[in-house]
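These notes concern the structure reproduced below.
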Amino acid sequence: MVRFWHDDLLSAETACPMVASTTFSRVDLIDIMDSYSLGEYRSARPISAGTVQTNYIVETTQGAFVLKYYENRSYESVQFEADVVRHIHAQGFPCAAIFPNQVGEYVNRHQQKPYMLFEFVEGEPVDAFNPHQLTQVTQLAARLQTLTEGFRPATTPHRWNYTPELCLRLAHQKAHELDSEMGYAKLRWYEREMAHLELPDALPRGICHADFDVSNVLFNGDAVAALLDFDDANYTYLTFDLIALVDGNAWPFGEAFNPAHARDIVQDYRAVRPLSDLEQAHLFDVHKLQIFIDGIWFYARGEVADFYEKQKVAFLDQFGRDAYSTALFS
């Protein structure tokens, strides 16, 4: 996750400790910026937020830019992100533009790793979405899915596209990495529970952002300025972002599921992008898939008898598919 906002232009002396995994020298940055037509290099500093990729604010004689250096992505995976961002930005979607270098390339390499240069977007993240902000963010997700339905870049196979097959593959990987009885027991749970998913081939797919964390949305006042960080974006069921917003806001960690709040989020989404009958019928399954995917990132958390994702899936099973549909669409 990365935050770009005005305070990031503070001097290095007042900046937070750097989180960059790769350190760029002045010479490195001058060489990189010389390959663009964006003015002469002046200064740079690492961004003080972010957990995976290395990010720098770079200032030139033409303004400020964001250098994003991908520590754990292939060139093709980053090219997918570039294709998605360019596709939606060209249609007026609020996200940071990507700049090509002097030969027209949007994804470049430094020391065998890919990087891109982004527009610096002014705005601030919030600690939590207020109701008005959540409505905007939900409708932003709906707009994104409207723009990307059926859009499938050639580099799509190089992403982790959220499907049951990927989830099971990652669960096997996690279990073998842990190499413990708990890890293998969780794997058996994954295999057993995911066999009950009903996700027909006809369910619409397209690009989902897949990380609507508060740190990835910038606001100017109470209005959305930009959606950032498409690092996890992938080709999946179009309702995945909707469910991620439902799960993150109507079912916060450690709290009870709030069907009324979930219904409000679904209604806000449908005001921009109506859901087909098929999508409504299988939203229950996409919600379960989202929980399974989320559990992969926290695979080692909790005991197999009663870990968090198991509790949530058990609740949904008890609540029932029909009651879930009634609660969200009545």
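The values are calculated or read from the model by the stated rules, or taken from the named source; none is laboratory data. Only a predicted model underlies this, so the values are computations on that prediction, with no experimental measurement involved. Because the Cβ atoms are built from the backbone with ideal geometry, glycine has one as well, and the counts that use them run over all protein chains shown.
Entry remark, segment 51-69: residues being part of a loop (DSSP other than H, G, I, E, B) and surrounded by fewer than 21 Cβ atoms within 10 Å (Cβ to Cβ) number 4 in total. Just to be sure, is Gln173 of a type outside the set (D, E, K, R) and on the phi > 0 side of the Ramachandran plot? No; evaluated as a whole, the condition is false for this residue. Within segment 87-106, if we keep just the residues that are within 19 Å of the chain's Cα centre (by Cα) and part of a loop (DSSP other than H, G, I, E, B), the residue that is surrounded by the fewest Cβ atoms within 10 Å (Cβ to Cβ) turns out to be Ala97. Within the option set Arg109, Arg143, being among the basic types (Lys, Arg) and under 16 Å from the mean Cα position of the chain (by Cα) holds for one residue only, Arg143. When Val84 is tested against the conditions (1) crowded, with 17+ Cβ neighbours inside 10 Å; (2) out of contact with any Gly (no Cβ under 6 Å at 6 or more places or on another chain); (3) not assigned by TED's automatic domain parsing to the domain that holds Asp34, the lone failure is (3). Cβ-Cβ contacts under 9 Å between residues 6 or more apart (or on different chains), taken from a first residue in segment 190-209 that is in the same structural domain as Arg273 (by TED's automatic domain parsing) and at pLDDT 95 or above to a second residue that is aromatic (Phe, Trp, Tyr) and assigned to a loop (DSSP other than H, G, I, E, B), are listed as Gly206/Phe151; Ile207/Phe151; Ile207/Phe230; Cys208/Tyr162; His209/Phe230. Thr236 meets all of the listed conditions (1) more than 14 Å from Leu134 (Cα to Cα); (2) at pLDDT below 95 but one, namely (2). Close Cβ contacts (under 9 Å, 6 or more residues apart or on different chains) running from residues in segment 161-186 that are farther than 29 Å from Asp241 by Cα to residues that are among the polar types (S, T, N, Q) and part of a loop (DSSP other than H, G, I, E, B) are absent. Could you list, in sequence order, the residues of segment 291-319 that are assigned to a helix (DSSP H, G or I) and small (Gly, Ala, Ser)? Once the filter is applied, which keeps residues that are assigned to a helix (DSSP H, G or I) and small (Gly, Ala, Ser), segment 291-319 yields Gly295, Ala314. Only one of the listed residues (Ala128, Ala142) is out of contact with any strand residue (DSSP E or B) (no Cβ under 9 Å at 6 or more places or on another chain) and assigned to a helix (DSSP H, G or I). That residue is Ala142. Search segment 274-330 for residues being more than 22 Å from Leu178 (Cβ to Cβ) and among the β-branched types (Val, Ile, Thr), and hand back the single one that is surrounded by the fewest Cβ atoms within 10 Å (Cβ to Cβ). Checking each candidate, the answer is Thr326. State yes or no: is Phe240 in contact (Cβ under 8 Å) with a residue 24 or more places away in the chain and either over 22 Å from Gln139 (Cβ atoms) or of a type in the set (Phe, Trp, Tyr) (or both)? Yes: the conditions hold for Phe240.
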